[in-house]
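No lab work stands behind these numbers, since they all come straight from the coordinates. On a predicted model such as this, the values are computed, not experimentally measured, just so you know. Methodologically, a virtual Cβ is constructed for each residue, glycine included, from the backbone with ideal geometry; neighbour enumeration extends over all protein chains shown.
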Amino acid sequence: MIKNIVIIILILSFIGVVVLLDIPGVQDVLDLRKQIEQEKEKFISKQELTDKILKLINEYNDSQETINQVDNIFPDEEDIPELITQIEFLAFEGGLILENIDVSSFKNIAESKAEIVRGQEQKEEDFNIVSIKIKLIGTYSSFKNFLKLVENNIRLIDIDSVEFVSESSFFEFNLSLKAYFQK
């Protein structure tokens, strides 16, 4: 029986020594496991952010074509030679003769609005206007074709007024147009 008591005491003392001496080691292992879990969470979070960034980069690259189209519709500068070329081309494609073209630029939209609204406070806009007066000669059906071409043109052009005079089967069309560009 004493043998059994001695064996039990030895086993208990061995367990006590292992536990007492190894508690810092066990605590270190537990701390390392916590750190590993935290680092895994950080890694997963960084990986998710990287995926989001890559997705945004792809969306930006995909939208570059749209940005280029907007630049064509609403250019950064007035580019009057390009505008005259477009109007000449539209008249030619529509079957009209471009007899005269007069271009004037408004650097500030308030200048053109001041003619219409006097004494009211003007709101600053994000665009400028190029005013164009053109004289075209042709048939009425050619003029309708021209209007459709202007409507479908990539550059934003508004038709302010149209006046026409009949000369037998041909008409003389006087148009006032506005094209826009960014400030």
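Which GluC sites (Glu not before Pro) in segment 42-104 pass both tests, a DSSP loop state and at most 16 other beta-carbon atoms within 10 Å?
Values: sites: GLU48, GLU59, GLU65, GLU77, GLU78, GLU82, GLU88, GLU93, GLU99; in loops: GLU77, GLU78.
Here the sparse-neighbourhood loop sites are GLU77.
The share of Cα pairs per 10 Å bin across segment 1-85, counted from zero up to the longest distance, runs 13, 15, 13, 12, 11, 9, 8, 7, 5, 4, 2, 1 percent. Sequentially through segment 10-16, phi angles give Karplus couplings (6.51, -1.76, 1.60; θ = phi - 60°) of 5, 5, 5, 5, 4, 4, x Hz, Gly and Pro residues having no value and appearing as x.
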